[in-house]
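What follows is a set of notes on a single structure, which appears directly below.
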Amino acid sequence: MRARPPTIRMRRLLLFFALLASPLALPAQESGIPVGSKAPGAVVESLDGKAVDLASYIGKTPVLIEFWATWCPNCKELEPAMVAAQKKYGARVKFVGVAVSVNQSPELVRRYATKHALPLEVFFDRTGTASDAYDVPATSYVVVIDRAGKVVYTGLGGDQNLDAALKKAL
């Protein structure tokens, strides 16, 4: 007896399970703002509600921007590396945290940043302007910008080599 070819439904199920079994994370250069592009400005809010344009930091000194959330496990995993990087490069690099507005408020972000002593100047992206400008694929997304305002690194996840990323900007 001859084997019957799989039906379309069966093929779809096989594809679905194959996708579930494979890692879905994209390398940094395949998502987000392209490395080599000019870093855009974007208006965010300070945690006391004042408008701040990220452009005010760009082109003066290297900048590291992390797009994060209080509920993000990858962001939590990245915190020790962020603390170490800020201790090592804090005098030469501006560290900025842009909290996405999904399922959190400025007050919740303020409490979290204070409790965890985040080594970032923290802002709130209430309208998603910064997330859109940087084409942010997910939380724990890091962008490093050199002194000239060029994106030199993007990365995603809790296990990023921030030391190597920052050396590209210096």
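The values are calculated or read from the model by the stated rules, or taken from the named source; none is laboratory data. Not measured: the values here are computed from a predicted model. Neighbour counts run over all protein chains shown; Cβ positions are idealised from the backbone, glycine included. Surface accessibility is based on the protein's heavy atoms, side chains included, excluding ligands, DNA and RNA. Shrake-Rupley method; radii C 1.70, N 1.55, O 1.52, S 1.80 Å.
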Worksheet item: Of all the residues that make up the range 120-137, how many are free of Cβ contacts under 8 Å to residues at least 60 places away in the same chain and surrounded by 18 or more Cβ atoms within 10 Å (Cβ to Cβ)?
Response: 1
Discussion item. Among the numbered criteria (1) open to solvent by 80 Å² or more (accessible area, probe 1.4 Å); (2) touching a Leu at 6+ places or on another chain (Cβ under 9 Å); (3) at pLDDT 95 or above, which one does Pro73 miss?
Written reply: (2)
Response to the item:
Checked the range 94-142 for anything basic (Lys, Arg) and either part of a loop (DSSP other than H, G, I, E, B) or closer than 18 Å to Ser31 by Cβ (or both); matches are Arg126
Practice prompt. Return yes or no: is Asn103 farther than 24 Å from Asp53 by Cβ and touching a Gly at 6+ places or on another chain (Cβ under 9 Å)?
Written response: no
Worksheet item: Regarding Ala164, is this residue closer than 13 Å to Pro40 by Cα and open to solvent by 40 Å² or more (accessible area, probe 1.4 Å)?
Response: no
Practice prompt. Evaluate the following for Ala148: is it open to solvent by 20 Å² or more (accessible area, probe 1.4 Å), of a type outside the set (D, E, K, R) and in contact with a Leu (Cβ under 7 Å, 6 or more places away or on another chain)?
Written response: no
Worksheet entry | Failed item in (1) in contact with a Pro (Cβ under 8 Å, 6 or more places away or on another chain); (2) assigned to a helix (DSSP H, G or I); (3) at pLDDT 50 or above, with Gly32 passing the rest | (2)
